[in-house]
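Worksheet: the structure to be examined is printed underneath.
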Amino acid sequence: MYRFFMANNLTFSIIKPDAVSRHITGKINSMIENAGFSIIAQKLIRITKEQAQKFYDVHQDKPFYEDLCNYISSGAVVVQVLKKENAVADYRKLMGATNPANAEEGTIRKKYAISIDQNSVHGSDAEDTAEREISFFFSKTELVGC
Ligand code: CMP
């Protein structure tokens, strides 16, 4: 893991397989940009099961861990780095509740998520997590936007 200057301006996002397969990454990116975020890095990738297990290792004791790792590695995803003041908290607000049944109007998950598992997007839950998650998928030289 490498460290960033002013990490509170950055967060990490995944547009999950349910959204990529429904061809709504553009719509989700519009919501992200309309909310004032800059997408400073982005790539379409397939996460391996091994990467998923490592990425989500904080959940390894949870009953949903196995399904979560299988799901996130089941199809293409878009990983991205978002920049904005208070990026972590503001992106969590924009995503809405983890379970779309509890998500507020105007949030990404209210609009697009199918279920708690197929909930369209992931966002870092804290600034130190954002640093870990960004460096998990991106090298420093890939953060090219401004
Ligand atoms: P995400 O933000 O990617 O972080 C972990 C994921 O686990 C979460 O979104 C959900 O898609 C999934 N998940 C499944 N069941 C639960 C649960 N009971 N509580 C929290 N997350 C869950």
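Can you name the number of the only condition in (1) of a type in the set (A, V, I, L, M, F, W, C); (2) surrounded by 17 or more Cβ atoms within 10 Å (Cβ to Cβ); (3) more than 15 Å from the ligand (Cβ to nearest atom) that residue 44 fails? Result: residue 44 passes all but (2).
Among the residues making up region 26-41, a single one is under 20 Å from residue 130 (Cα atoms) and open to solvent by 90 Å² or more (accessible area, probe 1.4 Å): 33.
Residue 74: surrounded by 15 or more Cβ atoms within 10 Å (Cβ to Cβ) and within 11 Å of the ligand (Cβ to nearest atom), yes or no? Talk me through it step by step, then tell me what you get.
Working: surrounded by 15 or more Cβ atoms within 10 Å (Cβ to Cβ): yes; within 11 Å of the ligand (Cβ to nearest atom): no.
When the stated conditions are applied, residue 74 does not pass them.
Take the conditions (1) more than 9 Å from the ligand (Cβ to nearest atom); (2) in contact with a Cys (Cβ under 9 Å, 6 or more places away or on another chain); (3) of a type outside the set (D, E, K, R); residue 108 misses just one of them, which is (2).
The values are calculated or read from the model by the stated rules, or taken from the named source; none is laboratory data. Because the structure is predicted, anything quoted here is derived from the model rather than measured. FYI the Cβ positions are ideal-geometry reconstructions off the backbone, even for glycines, and counts take in every protein chain you see. The accessibility values were calculated without ligands, DNA or RNA, using every heavy atom of the protein model including side chains. Shrake-Rupley method; radii C 1.70, N 1.55, O 1.52, S 1.80 Å.
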